[in-house]
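First comes the structure, then the notes that go with it.
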């Protein structure tokens, strides 16, 4: 059974955080949008169908970090593929700034600040058996798996079979971590994950500098 925080407090926490975050980040959004437009032709934002709560699809919003293509059918997730990543896109991905527009998904109730990362629809068949309970959660911007696999793109680039590695190894481990989160959902857990995520991003960026 969901605890009181999961039933009532978590959504309120999401609304407050996403509203404040979007207001504070407006200047950054303007600067990033300008650089994206200067760097390559195409839209500022990237939309992709992802699997949401109760397996309902929704449009995930990110800053565009790849060269635009005309055929929307080609906009698929290819683990480890960076062939279309733009110059500004590499920076946005490395710092996770490309994910900040997901605060809009949080504000309208499609996502949560903390929760399992939303997968593309082709992986929905994995959410069966022991992983079915995860469908009751709103997908999130960060979680235990996001912290553990913050270098996921580097891992996949090193693999001769990145799609297979993601599907058979990384994704299943992520879902196990999501089950761990579901058992620990609380305000304290969410705060811990948020601060750990911010710390890992800042530490990684400082090392790169």
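No lab work stands behind these numbers, since they all come straight from the coordinates. Computed from a prediction, not measured in an experiment: that's the story for all the values here. With ideal geometry, Cβ positions are generated from the backbone for all residues, glycine too; neighbour counts draw on all protein chains shown.
Note on the chain: with a GNM built from Cα contacts shorter than 10 Å, the maximum mean-square fluctuation among 27, 57, 162 falls on 27. Note that the chain shows a convex hull volume over its alpha carbon atoms of 124 Å³ per residue. Here r is the Cβ-Cβ distance between residue 20 and residue 151 and R0 is 35 Å; the resulting FRET efficiency, rounded to 0.05, is 0.75.
Estimated purely from DSSP H runs of n ≥ 4, each contributing -39500 (n - 2.57), the mean residue ellipticity at 222 nm for the chain is -14500 deg cm²/dmol once divided by its residues. Here the relative contact order of the stretch 4-208, from alpha carbon pairs under 8 Å that lie six or more residues apart, stands at 23 percent. Each label point was placed 7 Å from the Cα along the Cα-to-Cβ direction; for residue 108 and residue 195 their separation is 3.3 nm.
Sorting the segments 165-177, 141-153 by their mean number of nearby beta carbons within 10 angstrom, highest to lowest, gives 141-153, 165-177.
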